[in-house]
Amino acid sequence: MSAERLIYLPLGGAGEVGMNAYVFGYGPKGAERLILVDLGVTFPDMDSTPGVDLIFPDVAWLEANADRLEAVFITHAHEDHVGALGHLWRRIGGPTVHARAFTGHLARLKMEEHGQDPAKVKIAQPMPEMIEAGPFRVGFLPVSHSIPESASLVIDTPAGRVVHTADFKIDVTPVVGEAFDAAAWQEVAKPGVQALICDSTNVFVHRPGRSEATLSSEIEALVEGAGGMVVATTFASNVARLKTLAEAGVRAGRSICLMGRAMRRMVEAAVETGVLTDFPSTVSPEDAAGLPRENLMLIVTGSQGERRAASAQLARGKYQGIELKSGDTFLFSSKTIPGNERGVLRVVNQLSEIGVDVIDDSTDRYHVSGHANRPDLERMHDLVKPRMVIPMHGEHRMLREHVKLAKSRGYEAAIAVNGTMLDLTGETPKVAEHIEAGRTYLDGAVQIGALDGVVRDRIRMALNGHALVTLIIDEDGDTLGDPWCELMGLPETGRSRAPLTDVIEEDLAQFVGRAGRKVLADDDKLEDGLRRIVRNTSVNEVGKKPEVTVVISRLG
């Protein structure tokens, strides 16, 4: 039996939607040569990660094994697949990064933004070109998705061929980018496929997926019949949708204005890389502000309710000289990602207060998913005919359902959530080991571990308030006056109707007055006592147990 093995290790994206990072390895146990597929982010929320800017996969294991990493392959340019590249590239040893032209263009920009060498990103051609990376030969197989030049990866190893679908849908008329090519997939499958690592996002959607091309007539009818100004929002990266929206506006006799840096950046990248050749001409926000409302259509960022995006800014009032008014129409040509409902609803209600008619995707007429639905996953299984199916890109319930689907159709299958290393070498996938696979937070300019306690303390202060207690002790070991207290995030008065600060300071003074020399000489005991008094008094007065910082200053 060979001592070498083929391994698969998700560090992100398995057990969640977002933050994709998948390691493949081949070689002797513990010495496998490695490649990394994708390096993405997920986004924070105010409930669980207040103040955090971005969330990355924990790459500590990869960092410790950076000398074994041959290369990074980026499947497409969505943030959850490429967003962490500039932040983490140096930590994982600065490997060569391979991507197709559109993805590579945006990946280079990300590298430049973070002071990394953009030349480390190499532009790959689609198959039949194969890239050598240690024991691996990797090809980019074009696939349809909701962003241009998406690719699945065909990974040849001494243990057999692995196909990593990345995000995909089966769309033969995608408007922008390559159509799904079943014949190409059949060719890939001919030598036999050891493992299919497969998108699981829409495994619970039982109807076949719809093409991007089916939207144009519905959107055109909506824009044509709208009075006042029309505003549409969608994912900035969905260049095909931007094109559909813009063309609908032009056909209705409206000038098109793009608002939002991310949206303009995506269109510029698509034009520069040749993906987009016939996008309608646009006007600047400054020129748009002077046009009649009925002759204007805005296409804006902020489909997920992001506070600083153009949608939210327009909902709050004037933005870049343009103001929404009663009778205008606002279209969400997008799906609300789970977790973003509150932000989207806030924008919708603000628009409603203005008198804007809001149209969302509840009718399923103005948006199609970029992911394969259940019948399309079945078709992918049958095209590739792998020995085993390993679901990825999905919450645990999605991975579990995908495993059940694959097994019901005669394929071996296994769940591998983040940190689960599978051995794919034999007839069936086996769990080889588990590694720590947490999260890293970008907090301002600093990367911190999710378990470092920084965000935990921030949440505690947000929930319970904060008290700062200061006590001065003189050269003889006696207190110099009473302790004083400063409060934040707590009510001014409590049950006793007296100022909360006064009540706490009185209890602190009594504690210090009773404390013996031994306690006053011991900072730890003194600090514990002062903290306990503040918390007990606060609970009695206002029902809150604040975070307490104690400062003891000793003179001399």
Return the pairs, sorted by first residue and then second, in which the second residue is among the hydroxyl-bearing types (Ser, Thr, Tyr), the first residue lies in region 370-390 and is at positive phi, the beta carbons are less than 9 Å apart, and the residues are 6+ apart or on different chains. Lys385/Tyr411
Return the residues of region 293-318 that are more than 26 Å from the chain's Cα centre (by Cα) and within 24 Å of Lys243 (Cβ to Cβ); say none if nothing qualifies. Arg293, Glu294, Asn295, Leu296, Met297
Considering each residue of region 31-44, count those that are farther than 21 Å from Ala445 by Cβ, open to solvent by 10 Å² or more (accessible area, probe 1.4 Å) and either out of contact with any strand residue (DSSP E or B) (no Cβ under 6 Å at 6 or more places or on another chain) or of a type in the set (A, V, I, L, M) (or both), and give that number. 1
Checking His76 against (1) open to solvent by 10 Å² or more (accessible area, probe 1.4 Å); (2) within 17 Å of the chain's Cα centre (by Cα); (3) more than 13 Å from Val41 (Cβ to Cβ); (4) not acidic (Asp, Glu), which test does it fail? (1)
Within region 536-553, how many residues are buried (at least 18 other Cβ atoms within 10 Å of the Cβ) and within 40 Å of the chain's Cα centre (by Cα)? 6
Of the residues in region 444-465, how many are more than 30 Å from Asp502 (Cα to Cα), touching a residue at least 40 places away in the same chain (Cβ under 8 Å) and open to solvent by 30 Å² or more (accessible area, probe 1.4 Å)? 3
Looking only at region 17-49, count how many residues are at pLDDT 95 or above and among the charged types (D, E, K, R). 4
Can you give me the ranges of the strands (runs of 3 or more DSSP E) entirely in region 114-209 with at least 1 residues that are buried (at least 24 other Cβ atoms within 10 Å of the Cβ)? 121-123, 136-142, 151-157, 160-164, 193-199
Identify all residues within region 214-243 that are within 29 Å of the chain's Cα centre (by Cα), of a type in the set (Ser, Thr, Tyr) and more than 24 Å from Asp80 (Cα to Cα); write none if there are none. Thr214, Ser216
Read through the list (1) outside any loop (DSSP other than H, G, I, E, B); (2) surrounded by fewer than 22 Cβ atoms within 10 Å (Cβ to Cβ); (3) of a type outside the set (A, V, I, L, M, F, W, C), then give the number of the only condition that Thr103 fails. (2)
Going residue by residue through region 260-278, is there one that turns out to be of a type in the set (S, T, N, Q), in contact (Cβ under 8 Å) with a residue 12 or more places away in the chain and open to solvent by 50 Å² or more (accessible area, probe 1.4 Å)? no
So for region 275-288 (the condition being among the charged types (D, E, K, R) and within 30 Å of the chain's Cα centre (by Cα)), does at least one residue qualify? no
Can we say Val52 is more than 25 Å from Asp423 (Cα to Cα) and touching a Pro at 6+ places or on another chain (Cβ under 6 Å)? yes
Counted residues, region 1-30 - those being among the aliphatic types (A, V, I, L, M) and open to solvent by 50 Å² or more (accessible area, probe 1.4 Å): 3
Does Asp478 satisfy being surrounded by fewer than 18 Cβ atoms within 10 Å (Cβ to Cβ) and touching a strand residue (DSSP E or B) at 6+ places or on another chain (Cβ under 9 Å)? no
What number of residues within region 347-396 satisfy the criterion of being assigned to a strand (DSSP E or B), aliphatic (A, V, I, L, M) and either touching a helix residue (DSSP H, G or I) at 6+ places or on another chain (Cβ under 7 Å) or open to solvent by 40 Å² or more (accessible area, probe 1.4 Å) (or both)? 3
Identify, please: which residue in region 397-425 is open to solvent by 30 Å² or more (accessible area, probe 1.4 Å) and within 22 Å of Asp156 (Cβ to Cβ) and is, among those, nearest to the chain's Cα centre (by Cα)? Asp423
Select from region 28-57 the residues that are over 14 Å from the mean Cα position of the chain (by Cα) and not aliphatic (A, V, I, L, M) and list them in ascending order. Pro28, Lys29, Gly30, Glu32, Arg33, Asp47, Ser48, Pro50, Gly51
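Residue by residue, here is whether (1) touching a residue at least 40 places away in the same chain (Cβ under 8 Å); (2) exposed (fewer than 15 other Cβ atoms within 10 Å of the Cβ); (3) within 30 Å of Asp47 (Cα to Cα) holds:
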| position | (1), (2), (3) |
| --- | --- |
| Ile472 | yes, no, no |
| Cys485 | yes, no, yes |
| Thr501 | no, no, yes |
| Gln510 | no, yes, no |
| Asp528 | no, yes, yes |
| Leu555 | yes, yes, no |
Set Leu490, Leu468: member being in contact with a Cys (Cβ under 8 Å, 6 or more places away or on another chain) and either modelled with pLDDT of 95 or more or surrounded by 14 or more Cβ atoms within 10 Å (Cβ to Cβ) (or both): Leu468
Quick check on region 301-346: of everything there that is β-branched (Val, Ile, Thr) and assigned to a loop (DSSP other than H, G, I, E, B), which residue is surrounded by the most Cβ atoms within 10 Å (Cβ to Cβ)? Thr301
Quick one: in region 428-443, which of the residues that are in a strand (DSSP E or B) and open to solvent by less than 80 Å² (accessible area, probe 1.4 Å) is farthest from Ala159 (Cα to Cα)? Asp443
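The values are calculated or read from the model by the stated rules, or taken from the named source; none is laboratory data. Since the model is a prediction, treat every value here as computed from it, not as a measurement. Methodologically, a virtual Cβ is constructed for each residue, glycine included, from the backbone with ideal geometry; neighbour enumeration extends over all protein chains shown. When the accessible area is computed, the model is the full protein with side chains, heavy atoms only, and any ligands, DNA or RNA have been set aside. Shrake-Rupley method; radii C 1.70, N 1.55, O 1.52, S 1.80 Å.
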